[in-house]
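Worksheet: one structure, shown below.
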Amino acid sequence: MKSLVALNASTNSFTGQMPTMSCVSAPSFAVLELSFNKFSGNIPPGLSNCSMLKLLSVGNNHLSGTLPDELFKVTTLEHLSLPFNWLEGELKGIIKLTNLVTLDLGKNEFRGNIPESIGELKKLEELLLDHNSMSGELPSALSNCTNLVTLDLKVNHFNGEFTKINFLSLPNLKILDILSNDFTGTISESIYSCSKLTALWLSFNHFHGQLSEKIGNLKSLSFLALVNLSLTNITRTLQILGSSRSLTTIFIGFNFLHETMPEDDNIGGFENLQVLSMNYCSLSGTLPAWLSKLTNLGMLFLQNNQLTGPIPDWISSLNLLFYLDISNNSFTGEIPTALMEMLMLKSDKTAPKIFSELPLYFFSPFVEYLKPGAFPKVLNLGINNFTGVIPEEIGQLQGLLLLNLSSNKLSGEIRQQIGTLTNLQLLDLSSNHFTSTIPATLNNLHFLSEFNISNNDLEGFIPTAGQLSTFPDSSFDGNPKLCGLMIVNHCGSAEAGPESIISREQIGSKVIFAIAFGAFFGVGILYDQMVLARYFC
């Protein structure tokens with residue numbers, strides 16, 4: 001194939017060593033695309049003969065070793081993409097590839113620092129070094145890469161002042177991600193000169209100081225993550241962010257410790273806000289009325305605070321809200337019927353609104369959603385002080401995939417209407433005061449992968465003809481009046497109620513071991529109670 005220009009063998013299951021093209025016999029060869037295979041071993045020799053090679057993409061394989069010197073002789077390379085491998089070493093030789101437009105070495109084991117000579121890569125538009133073990137201070141020469149559009153350095157050990165880079169020299173920058181490093185000092189004011197910036201992740205560093213009003217200059221900013229930066233004055237912070245009209249996603253959790261949730265009517269803006277996370281702040285106060293103005297809000301994370309009072313009825317006016325987590329607070333009162341009127345939770349046909357093609361991170365820099373449409377519909381009211389009974393209208397929430405009412409003071413029966421929520425994959429009613437028997441309708445929940453009714457006052461026979469028989473003893477512990485084949489306390493025939501009893505012959509023939517939906521969603525989220533951790537990867 002002497003006229004061969006491109007070879008694309010990506011997304012297969014090829015194994016063995018990565019092949020090299022005989023560029024001597026195919027002098028015009030320019031594109032080698034081998035991503036998403038199972039190639040292993042080192043990058044083989046022979047690349048130096050490919051004098052016309054412009055794209056080399058071998059990401060998502062099992063390559064190991066260092067980058068060979070021969071690779072650095074292919075000065076025609078414009079796109080070098082080797083993420084998700086086991087490559088190691090330092091990046092000193094990279095600076096010889098002066099025509100690089102894209103350099104993606106993320107999710108490997110590279111060490112050392114970014115060399116000062118990185119500034120010689122004048123054409124560089126995308127620099128992705130995320131999820132490695134790199135360290136040291138960022139070179140000021142990065143300011144010379146004036147065409148940079150994406151700078152992704154998250155989950156490394158970079159340190160020092162972040163003010164060394166002059167962002168005034170990076171007018172095209174759209175994505176800046178330095179999440180989970182060891183940067184110190186203040187946030188560089190020059191960042192706010194990047195008028196094209198759409199996504200800014202600064203979370204999990206050691207910055208100090210307050211948020212600058214100059215962030216309002218970022219008219220295109222859509223994603224903002226400022227988690228765990230020791231920020232204070234939540235009221236002023238929200239007032240500043242309200243001026244950024246393009247914001248769709250805000251993460252400001254692990255800040256503002258022990259402050260009060262602002263109820264100021266002057267907090268406004270946020271017309272386009274779809275995700276708001278103010279979790280793990282130990283905030284006191286109640287659910288503020290200004291949240292009701294966020295008509296595009298789809299996800300609200302307020303878990304692990306000290307919020308009190310009832311859930312206000314305006315919650316049902318948030319027509320796009322499909323993910324509500326207010327767990328581990330001190331909310332009181334009964335579960336309002338207004339929650340049962342939330343349109344997105346009532347429908348199992350309407351998909352959550354797509355936010356962006358950018359990944360979202362929740363609670364940890366190592367866990368991300370690549371496809372926001374994969375988010376589940378969630379109602380998490382666990383670990384609060386709710387009282388009363390589960391509303392009969394619970395059966396209206398046909399879109400729910402996760403329902404957590406655990407660790408409250410709820411009483412009465414477990415509503416049989418829960419058995420109509422056939423999309424449920426997690427149901428946690430543990431540590432309440434529920435009484436009576438387990439409704440047989442729960443066996444209709446064929447997709448359940450996590451089920452917990454422990455520590456209540458339930459009684460009678462555990463239904464064994466369906467999904468409930470697949471769960472461990474721990475799902476039923478702390479109910480001394482319960483009995484069944486899957487727990488120590490077996491039932492006599494006289495004890496079994498007419499609604500749940502099944503003959504021994506039927507039990508022997510109908511016990512079903514369902515396959516749990518492990519790897520649910522495929523991209524993962526860390527739940528604050530960790531109960532979901534094994535179902536996300």
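Annotations for the structure displayed:
- Hits in the range 28-55 (condition: out of contact with any Cys (no Cβ under 9 Å at 6 or more places or on another chain), under 21 Å from residue 97 (Cβ atoms) and not polar (S, T, N, Q)): 31, 33, 34, 43, 44, 45, 54, 55
Here is a yes/no grid of residues against (1) surrounded by fewer than 23 Cβ atoms within 10 Å (Cβ to Cβ); (2) within 13 Å of residue 346 (Cα to Cα):
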| position | (1), (2) |
| --- | --- |
| 379 | no, yes |
| 384 | no, no |
| 388 | yes, no |
| 392 | yes, no |
| 404 | no, no |
| 420 | yes, yes |
| 425 | yes, no |
| 431 | yes, no |
| 438 | no, no |
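- Which numbered condition residue 84 misses (of (1) assigned to a loop (DSSP other than H, G, I, E, B); (2) in contact with a Leu (Cβ under 6 Å, 6 or more places away or on another chain); (3) within 20 Å of residue 111 (Cβ to Cβ)): (2)
- Total residues in the range 241-283, condition surrounded by fewer than 18 Cβ atoms within 10 Å (Cβ to Cβ), in contact with a Gly (Cβ under 8 Å, 6 or more places away or on another chain) and at pLDDT 95 or above: 1
A quick yes/no check of all residues on (1) more than 18 Å from residue 382 (Cα to Cα); (2) free of Cβ contacts under 8 Å to residues at least 60 places away in the same chain; (3) of a type in the set (Phe, Trp, Tyr):
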{"position": "411", "(1), (2), (3)": "no, yes, no"}
{"position": "416", "(1), (2), (3)": "yes, yes, no"}
{"position": "421", "(1), (2), (3)": "yes, yes, no"}
{"position": "440", "(1), (2), (3)": "yes, no, no"}
{"position": "445", "(1), (2), (3)": "yes, yes, no"}
{"position": "453", "(1), (2), (3)": "no, yes, no"}
{"position": "480", "(1), (2), (3)": "yes, yes, no"}
{"position": "483", "(1), (2), (3)": "yes, yes, no"}
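- Answer residue from the range 93-139, given it is among the aliphatic types (A, V, I, L, M) and not in a loop (DSSP other than H, G, I, E, B) and is nearest to residue 80 (Cα to Cα) among those: 103
- Filtered residues of the range 334-355 (kept if outside any helix (DSSP H, G or I) and either of a type in the set (Val, Ile, Thr) or touching a Ser or Thr at 6+ places or on another chain (Cβ under 7 Å) (or both)): 334, 335, 342, 350, 354, 355
- The range 299-330: number of residues that are out of contact with any strand residue (DSSP E or B) (no Cβ under 9 Å at 6 or more places or on another chain) and on the phi < 0 side of the Ramachandran plot: 7
- Any hit, the range 34-42, residues being assigned to a loop (DSSP other than H, G, I, E, B), surrounded by fewer than 17 Cβ atoms within 10 Å (Cβ to Cβ) and touching a residue at least 24 places away in the same chain (Cβ under 8 Å): yes
Residue-wise test of (1) of a type in the set (D, E, K, R); (2) assigned to a loop (DSSP other than H, G, I, E, B); (3) in contact with an Asp or Glu (Cβ under 6 Å, 6 or more places away or on another chain); (4) outside the structural domain of residue 452 (by TED's automatic domain parsing).
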{"position": "394", "(1), (2), (3), (4)": "no, no, no, no"}
{"position": "399", "(1), (2), (3), (4)": "no, yes, yes, no"}
{"position": "411", "(1), (2), (3), (4)": "no, no, no, no"}
{"position": "422", "(1), (2), (3), (4)": "no, yes, no, no"}
{"position": "431", "(1), (2), (3), (4)": "no, yes, no, no"}
{"position": "435", "(1), (2), (3), (4)": "no, no, yes, no"}
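- Odd one out for residue 87 among (1) surrounded by 20 or more Cβ atoms within 10 Å (Cβ to Cβ); (2) within 17 Å of residue 152 (Cα to Cα): (2)
- Top-ranked residue in the range 7-29 [being touching a Gly at 6+ places or on another chain (Cβ under 8 Å) and assigned to a loop (DSSP other than H, G, I, E, B); ranked as modelled with the highest pLDDT]: 18
The values are calculated or read from the model by the stated rules, or taken from the named source; none is laboratory data. Please read these numbers as outputs of a predicted model, since none were measured by experiment. Methodologically, a virtual Cβ is constructed for each residue, glycine included, from the backbone with ideal geometry; neighbour enumeration extends over all protein chains shown.
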